[in-house]
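This report refers to the structure that appears directly beneath it.
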Amino acid sequence: MASTDGAAEPAVAGSEAPDRPTDEAILQQQNQIRAEQAKVSEYVGQEENLGALKAEYENGNQNFVQKISKLEESYRTFRRTRGDGNCFFRGFIYAYLEGLLQSSDLVEGNRFLSVVQSWKAKLVEGGFQELVFEDAMDLLLEQVKEVTKASDQFSQEKLLVNMRDDMVSNMIVMFLRLVTSCEVQRREDFFFPFILGMYDEPPATVELFCQRHVEPMGEESDHLHIVAVTEALQIPVRVVYLDSSGLPTGGGGGGGGLEASCHDFVPDSCPPGTAPRVHLLYRPGHYDILYPRSG
């Protein structure tokens, strides 16, 4: 209701609405928010019941509530990752390494070691300096060797500690970004049409796109990043997309209601019907890890 204490003052001639914040100011604010979040959240969190996620939306958008309820039929828990722009790569590699640790799949572990090692020559050929990535690559290889040891020496707690460590975690993410960039540039003819469709004013070249949107730490990942890294490392991934789309139905419990859509990113080298090794939950602007129910 309008105030009746007095007449509104006339507008001052020449007065203008506040200026829109500059792109630099918006970026600075986003970085400040991420820095504040870093103080209260780990790079990789603890495993949680999906009910904890659903509780975040109980008093808000019921589409999320219904989709999470339906999701509980297929997934038992989830694990949060820090929302620092690196959440896809961090969640992707943590979930993969954790799967190797729990399955003791030496065949898959050895395959992955060979694939990672093969990227040394490809990166150098692509113009990346070995000095920039060799330590990061060695850190990833070390993690793979540890989780596939035929013993209990390397526990899940140790993996979690390592992936929460600033140096280890971020260097591995950096390496994955360089591999992704190199894969995109090696297959320029395939990826450039995707890039053209992503922006009103797309970067002039694939190389420029990678320098701006793939290689820098903190740059958020899109469909293109997922296609590139899954193909590069030959790891099938399922992404479940949780958003507010659709019309809510009666009740928020399981059984009926809305369902989150999902998409499987299966490398061309994998045979048809290959099961995903990594399951990720996407909410607008963020990725977390999902754990399927057994059977």
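The values are calculated or read from the model by the stated rules, or taken from the named source; none is laboratory data. Bear in mind that the values here come from a model prediction, so they are computed numbers and not experimental data. All Cβ positions, even for glycine, are placed from backbone atoms using ideal geometry, and neighbour counts span all protein chains on display. Ligands, DNA and RNA are stripped out before the accessible areas are found, and what is left, the full protein with its side chains, is counted by its heavy atoms. Shrake-Rupley method; radii C 1.70, N 1.55, O 1.52, S 1.80 Å.
Quick look at the numbers
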{"quantity": "Charged-residue dipole, Cβ positions (Lys, Arg, Asp, Glu), segment 188-287 about Cα centre, Debye nearest 20", "calculated": "540 debye"}
{"quantity": "Solvent accessible area, Å² - MET171, 1.4 Å probe, full protein context", "calculated": "50 Å²"}
{"quantity": "Burial order of peptide ranges 69-82, 267-280, 173-186 (average beta-carbon count within 10 Å, highest first)", "calculated": "173-186, 69-82, 267-280"}
{"quantity": "Stretchable slack from SER155 to ASP135, in nm (0.36 nm times residue separation minus alpha-carbon distance)", "calculated": "4.9 nm"}
{"quantity": "Gain upon complete extension [ARG212, LEU106; 0.36 nm per residue less C-alpha separation]", "calculated": "34.5 nm"}
{"quantity": "Within the accessible area of segment 134-221 (1.4 Å probe), percent carbon and sulfur", "calculated": "47 percent"}
{"quantity": "Net dipole in debye of segment 168-234 [+1 Lys, Arg Cβ; -1 Asp, Glu Cβ; about Cα centre; nearest 20]", "calculated": "220 debye"}
{"quantity": "Qualifying aspartates and glutamates (Cα of each under 17 Å from Cα of LYS145; at least 8 residues distant if same chain)", "calculated": "GLU98, ASP105, GLU108, GLU134, ASP135, GLU157"}
{"quantity": "Accessible area expressed per residue, segment 47-121, with surrounding protein chains retained (probe 1.4 Å, Å²)", "calculated": "36 Å²"}
